[in-house]
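Report on the structure given below.
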């Protein structure tokens, strides 16, 4: 391991600009569900059609030596590559996560092109007291998928995971970003109760500390009724897609709901839309429910916009956020 660089000789820490390039992009999301087929069907109704159903797969834990089976469906949701994993028989880290959290996203995965670079990063994290939680391989009809899962959830609120080389690249390359309503991934978002310990933890890893903001929101609503919800936002912008950490202050909020139902962790995926009303009309006509929403900024002025959340509790446990900016679609809300 290269520990002779200034700043990591004794602590193992890195400045965010010195982090391995793998951290700049989330390669995929490991997402545990009770019914992968039903989850896929719901997302198909939402206008997504880029799926690869790999059927029943065998999961081997190098760490524990156990073998289990699961249903695995890979998808591309507007630029977010996700793996819906439905535990079937046998003990596994996915079964344990499902028991503790219910349907929920478990891991953000980063890809190292060289296995030696991955080994160096694992050693660096070990110097920081962050151990390997599990090393798993998944045997599929499209080849073996390999993941290293780190023990980051207690302090970081999600499991940091890695893969390497061309593991799963063939599957991903066959799944396009396009979808029927033109949704584009804008954020990976989390719900947490206290931002400071989480910020301190990821800063120790080498990611930027949370950039805290107190947004002023207009026309807030919650399940069709006016609501004066309030929140704190923590932002990390170290990669191609921003991380938003949502801290509920005044209920009701979908963030507090998630913490109550699933615990702290990955709470929603956010997408920009070209026309909010068109998307909402399509979704509500199919029975999907708007759980929360409102505006930010001054209506009609550059930098202002609108946000709406879609309740997908029965479709894998994550919420969907839709974003529209008055100036141009695709801008991230402040």
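The values are calculated or read from the model by the stated rules, or taken from the named source; none is laboratory data. Please read these numbers as outputs of a predicted model, since none were measured by experiment. Don't worry about glycine lacking a Cβ; one is built from the backbone with ideal geometry, like all the others, and counts go over all protein chains shown.
Descriptive notes on the structure:
- Here is the figure for the stretch 71-91: residues that are surrounded by 22 or more Cβ atoms within 10 Å (Cβ to Cβ) and free of Cβ contacts under 8 Å to residues at least 40 places away in the same chain total 0.
- Meets criteria (surrounded by 19 or more Cβ atoms within 10 Å (Cβ to Cβ), at pLDDT below 95 and in contact with a strand residue (DSSP E or B) (Cβ under 9 Å, 6 or more places away or on another chain)) for residue 258: no
- Scanning the stretch 141-155 for residues that are assigned to a strand (DSSP E or B), at pLDDT 95 or above and touching a helix residue (DSSP H, G or I) at 6+ places or on another chain (Cβ under 9 Å) returns 145, 148, 149, 150.
- Taking the listed residues 151, 219, the one that is surrounded by fewer than 20 Cβ atoms within 10 Å (Cβ to Cβ), assigned by TED's automatic domain parsing to the domain that holds residue 272 and in contact with a strand residue (DSSP E or B) (Cβ under 6 Å, 6 or more places away or on another chain) is 219, with no other qualifying.
- Index of the failed condition, residue 281 passing every other in (1) surrounded by fewer than 21 Cβ atoms within 10 Å (Cβ to Cβ); (2) within 17 Å of residue 222 (Cα to Cα); (3) without any contact (Cβ under 8 Å) to a residue 60 or more places away in the chain: (2)
- For the criterion of being within 20 Å of the chain's Cα centre (by Cα) and crowded, with 18+ Cβ neighbours inside 10 Å, residue 57 fails.
- Residues that are farther than 20 Å from residue 107 by Cα, without any contact (Cβ under 8 Å) to a residue 40 or more places away in the chain and not assigned by TED's automatic domain parsing to the domain that holds residue 93 occur at least once in the stretch 189-211.
- Filter result for residue 158 (outside the structural domain of residue 282 (by TED's automatic domain parsing), surrounded by 14 or more Cβ atoms within 10 Å (Cβ to Cβ) and at pLDDT 95 or above): yes
- Residues of the stretch 38-51 that are over 16 Å from residue 182 (Cα atoms) and either out of contact with any strand residue (DSSP E or B) (no Cβ under 7 Å at 6 or more places or on another chain) or not in a helix (DSSP H, G or I) (or both): 38, 41, 42, 51.
- Scan of the stretch 199-216 for residues that are in contact with a helix residue (DSSP H, G or I) (Cβ under 7 Å, 6 or more places away or on another chain) and either under 28 Å from residue 303 (Cβ atoms) or loosely packed, with under 14 Cβ neighbours inside 10 Å (or both), ordered by number: 202, 207, 208, 209, 210, 212
- Residue within the stretch 170-179 that is on the phi > 0 side of the Ramachandran plot and in contact with a strand residue (DSSP E or B) (Cβ under 9 Å, 6 or more places away or on another chain) present: no
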